[in-house]
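Below: one structure, written as C-alpha cells.
The values are calculated or read from the model by the stated rules, or taken from the named source; none is laboratory data. Since the model is a prediction, treat every value here as computed from it, not as a measurement. Here the Cβ positions follow ideal geometry from the backbone for every residue, glycine too, while neighbour counts run over all protein chains shown. Note: areas computed on protein heavy atoms with side chains; ligands, DNA, RNA excluded. Shrake-Rupley method; radii C 1.70, N 1.55, O 1.52, S 1.80 Å.
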Amino acid sequence: MAAGAEAAHRAGALKQQNKPHKGRKPRGRAQRRAGGRVPAKTLSRRRRDLTKPDRRHQALQLRRQRKEAVLAEKRNLGSKDGPPHLVVVVPLHAGVATHDALRLLQSDESALVRKDERAEGFVLLCPRFKQRWRFVTAHVGNLHAVLDLAKVADTLLFVLDPLDGWDSTGDYCLSCLFAQGLPSYALAVHGVADLPQKKQTDAKKKLGKAIEKRFPEAKLFPLNTEPESLLLLRHLAAQKQRHLTFRDRRAYLLAQEAEFVPSHDSDLVGTLKVSGFVRGRTLNVNSLVHIVGHGDFQMTQVDAPPDPFSLNPRMAKDQQRKGQDMEIQDDSVNGVVEMEEVIKVLMKADPRRQESLQSEVIPDPMEGEQTWPTEEELKEAEESLKERRKVVKVPKGTSSYQAAWIVDDGEDGSEEEEEEKNNMEDEDLMEEASQAGESSEEEEECETMAVAESTQDDLYDEKLDEDEEQMLEKYTQERLDQMFPDEVDTPRNLPARVRFQKYRGLKSFRTSPWDPKENLPRDYARIFQFQDFSRTRKHVFRQIEKEETEGAAVGWYVTLHVCSVPISVMESFRQGLPLVLFSLLPHEQKMSVLNFVVRRNLGNNETVKAKEELIFHCGFRRFRASPLYSQHSSADKHKLERFLRPDAALVVTVYAPITFPPASVLLFKQRSNGMHDLIATGFLLSVDPDRILIKRLVLSGHPFKIFSKTAVVRYMFFNREDVLWFKPVELRTKWGRRGHITEPLGTHGHMKCHFDGQLKSQDTVLLNLYKRVFPKWTYDPYVPEPVPWVRSEQQLPMQEVEME
C-alpha cells in the first residue's frame, strides 16, 4: 500500500491539452529594448497613437477653437468691422400689423434710425450694443422675393398673429422656406396686449401648441412694448448663426443702391452699379457674378465709397452734412472733384485673369470626319473599284455615270416595279372603298331631329375649358401608366420593326452592359464634362479654404460695376424687388447635365408629366427647364418615369449650369393664371452627363393555345416579319414565367413560344424593349415674376389645435 501511494500519477492518452498562455509583454519593456528605433510602417501611425491625457488635451483644444470661432462670428456680425445684421421680417398672417412691429423696434432713444422706403425697412444703429441692423420687410404674396431675401438673410423674423398664428399663405411660405434651407430665425407675436385680459392666456397656449410642429425648439417673443423689443434685439444679436452651405463658400451681396448707365450702342443694355455690403467670402473683381433671376455677368471694377451706416454717430452726422453739401454743389465743378476724391477704386478687372462667360462648347462639325486619305489607301480603293466593275450593254453616247445606274437584268426589275405599282393601286382602291362605305353608313344612320332647350345642359361636358380637358387627359394617362406600366399597343398600320427600330432588347436590365458614350445627341457636344467631378469639387473647395483671395473683404461697403446688364434688372429693382448677387466658383457658368433627387410636395396632387416646363430654385439660381424623371437607384442604368410619382423619390435630369453640391432645389409649376405651385423639393445629387436614362416599352400578347410548356401567342405582332425580327428578345409573363419565341405561325403575327413552365389562360405574355433618352435643351435663366398669392381666410394651425 505504501509503495502504491508513493507512485506518481500519470495522465492517460485522453487527457485534455490546453494551449499555453502566451502573455502580453509590457509596452515599456518593448520600447526600452527597441532603443528609440521605430519601424518604417508604424512611423506614419505614430501621431495617432496618443496617450489618454494627450487625447483629452487635443479634444479640449478643438472644443476651444470651435467655441472661439462661433464667438468671433457673433462679434463680427453687425459690428463696425462686419456687415450690418440683415433681418428679414416675414409676416405670416394677413392681419399682422408689420409697421407697428417695426416702429417698436425703432423705439430705442440712443439708436440712430435710417429709413429705407424702397425696401420698406430701415437701418438701426445702436452704439450702446455696438451693433447695427438692417431690417427688410418681405411680402409673403411674392414668393420669389421671399426666397431671394432668405438666401442672403442672417436672420428671419417671423411675425405671428395673436389669435390664428399663420394663415394658409403663411403656411405655404413656411413650406418653401424649410425646403430651401432656413438661416437663423426668431418668432415674435404682435398684438397680444390688445386682446382682452381673459383671452391673452388662452391665445398664448394655442400659439405654443401651434408652433410645436413647425418650430419644436423655438421661443416665442412678445412684441408689444419697448422693453420687449430690446429683449428681442438682444436675442437676435446673441443667438447662434445657422449656416447655409451653398452661400458659405461664395461671396454674396444684397443691393442697397443701384444705378444704370446705358451703353453707347444701345439703351437697353449697359453697366449696372450696385452698392452693398460684402458677405460670405472675399469678392474678387475677376470672378463672375450671378444676378438671381437674370443670369451671369462680368465685373469691370470695384469701388469703395464711404460706409453710409457707420456706428460712430459723429462720422454719420459728418457724412450726412457732406451728402447735403454734395446735393447743393452738384452742378459746380468743385462738387464733382469732391465726389471723385471720396470714391476710391479698389480693383479693376484684368482681362488675362478674368473668368470667361462662355457657357457652351462650340461644336466642330468636322471633328468626327476622316482625314485626307494616303496614297496607299487611294491605290487600294482603285483596285477594289476595278474588281467591282461589271460589263453592261448600253446605247451609244451613254456616260460612265449613267451606265452605273443601268441594271443588267432589266426585265426582272421592270416586273418588280409593275408588281409594286399594282399593289399600291390595290391598296388605294381598298381605302377609297372603305371610306365610301363608312360615309354611306354615316348617311344612313344620321337623322335630323330637333333638340329641346332643356337638353342643352347635357352638353355641358363638351364645353369644358382646354385646360381642364388637358388635365383630364394627363390624369387618365397617369392612371393607365400605374395600372399597366410602360405598356403600349403594337401599331397595325406600321410594322413593329420600323416603329420600334430605335429600341433594343436586354437579357437583364440590371447586369447587361450599355455604353454611356453610344449614340449621343448633338446637344452633348455643347456641354462640359469632368473626368472626375467629385475630385474637381474637392479641389475647388480646398482652394477656397487655403488660398487667400484678393479683393473686397467681408463687411466692406463696395460698389460693383457689372457690365452688359439688360435694363430689365434695373426696372425690377425700381419696382421694389430685391436685387441679390452671388459670386460664382470656377466652372459654375458652364452648362452640363444636372441630376436632382426630389420628392413630391404633400400639399400638391396635380399630375406632372415628363418634359413639362417647371421652374427650378437650385441653391442661388432660378431658371426654367423641361426635366426628365427616373428612378433613384445605385445601378448603372435607371428606368425612365413618365410622371412625377407621389409615392417615391425620383431623380430629375436637366441641362443647366454647373453647381457644386450641396444645394437645395425647389420645383414650381406655373398655372394658367400666372401663379406658381410648389410641386416637389429635394437636393442636388450630381453633375453627370453619363447617367443613363432608359425608356422601357412593353409589348403584350395573349396566349391562344396552351400546351405543356409551349403556347401559341397572338396580338403581340401582326405580320410574320416582325416575329422573326424580335425573335432573339426574351419573353416574360405577368405571373413570372420566362421564355422565348420559337417560330412564327402563319402570316398574321401568331408565334409559337416556349416557357419554363405551363402558362395559365389568364396570363399575359410581355416583351420588353429599351431605349436611352436625353433631356431637352430648354434652359432659360429668366423667370417671370409670379402673380401674388391671395390671402386665404382659412386658418390652418388653429383649426388643428381646436380639433385636438
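A few remarks follow.
- Of all residues making up the stretch 258-293, the number that are open to solvent by 40 Å² or more (accessible area, probe 1.4 Å), under 23 Å from Val136 (Cα atoms) and modelled with pLDDT of 90 or more: 2
- Given (1) part of a helix (DSSP H, G or I); (2) open to solvent by 80 Å² or more (accessible area, probe 1.4 Å), number of the condition Leu236 does not satisfy: (2)
- All positions within the stretch 242-264 that are under 14 Å from Ser568 (Cα atoms) and of a type in the set (Val, Ile, Thr): Val261
- Identity of the residue in the stretch 156-187, in a strand (DSSP E or B) and open to solvent by 10 Å² or more (accessible area, probe 1.4 Å), that ends up nearest to His144 (Cα to Cα): Tyr185
- Residues being closer than 14 Å to Tyr655 by Cα and not small (Gly, Ala, Ser) - total across the stretch 618-636: 8
- Selected residue (criterion: farthest from Leu124 (Cα to Cα)) from residues of the stretch 51-101 that are without any contact (Cβ under 8 Å) to a residue 40 or more places away in the chain and acidic (Asp, Glu): Asp54
- Matching residues, the stretch 516-544, being part of a loop (DSSP other than H, G, I, E, B) and farther than 15 Å from Ile692 by Cα: Arg526, Ile527, Phe528, Phe530, Gln531, Asp532
- In the stretch 593-612, of all residues being in a strand (DSSP E or B) and surrounded by fewer than 21 Cβ atoms within 10 Å (Cβ to Cβ), the one that is farthest from the chain's Cα centre (by Cα) corresponds to Lys609.
- From Pro513, Pro485, residue being part of a loop (DSSP other than H, G, I, E, B) and at pLDDT below 90: Pro485
- Restricting attention to the stretch 260-292, the residues being part of a loop (DSSP other than H, G, I, E, B) and touching a Leu at 6+ places or on another chain (Cβ under 7 Å) number 3.
- Of everything in the stretch 139-155 that is within 30 Å of Val70 (Cβ to Cβ) and over 21 Å from the mean Cα position of the chain (by Cα), the residue that is surrounded by the fewest Cβ atoms within 10 Å (Cβ to Cβ) is Asp154.
Yes/no per residue for (1) aliphatic (A, V, I, L, M); (2) open to solvent by 40 Å² or more (accessible area, probe 1.4 Å); (3) at pLDDT 90 or above:
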site: Leu693; (1), (2), (3): yes, no, yes
site: Gly701; (1), (2), (3): no, no, yes
site: Glu721; (1), (2), (3): no, yes, yes
site: Glu730; (1), (2), (3): no, yes, yes
site: Thr733; (1), (2), (3): no, no, yes
site: Ile741; (1), (2), (3): yes, no, yes
site: Val790; (1), (2), (3): yes, yes, no
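- Residues of the stretch 546-592 that turn out to be open to solvent by 30 Å² or more (accessible area, probe 1.4 Å), on the phi < 0 side of the Ramachandran plot and of a type in the set (S, T, N, Q), as a count: 3
- For the residues Phe122, Phe129, the requirement of being assigned to a loop (DSSP other than H, G, I, E, B) and more than 30 Å from Glu212 (Cβ to Cβ) singles out Phe129.
- Scoring Lys209 on the criteria (1) in contact with an Asp or Glu (Cβ under 8 Å, 6 or more places away or on another chain); (2) of a type in the set (D, E, K, R); (3) surrounded by 23 or more Cβ atoms within 10 Å (Cβ to Cβ) leaves a single failure, condition (3).
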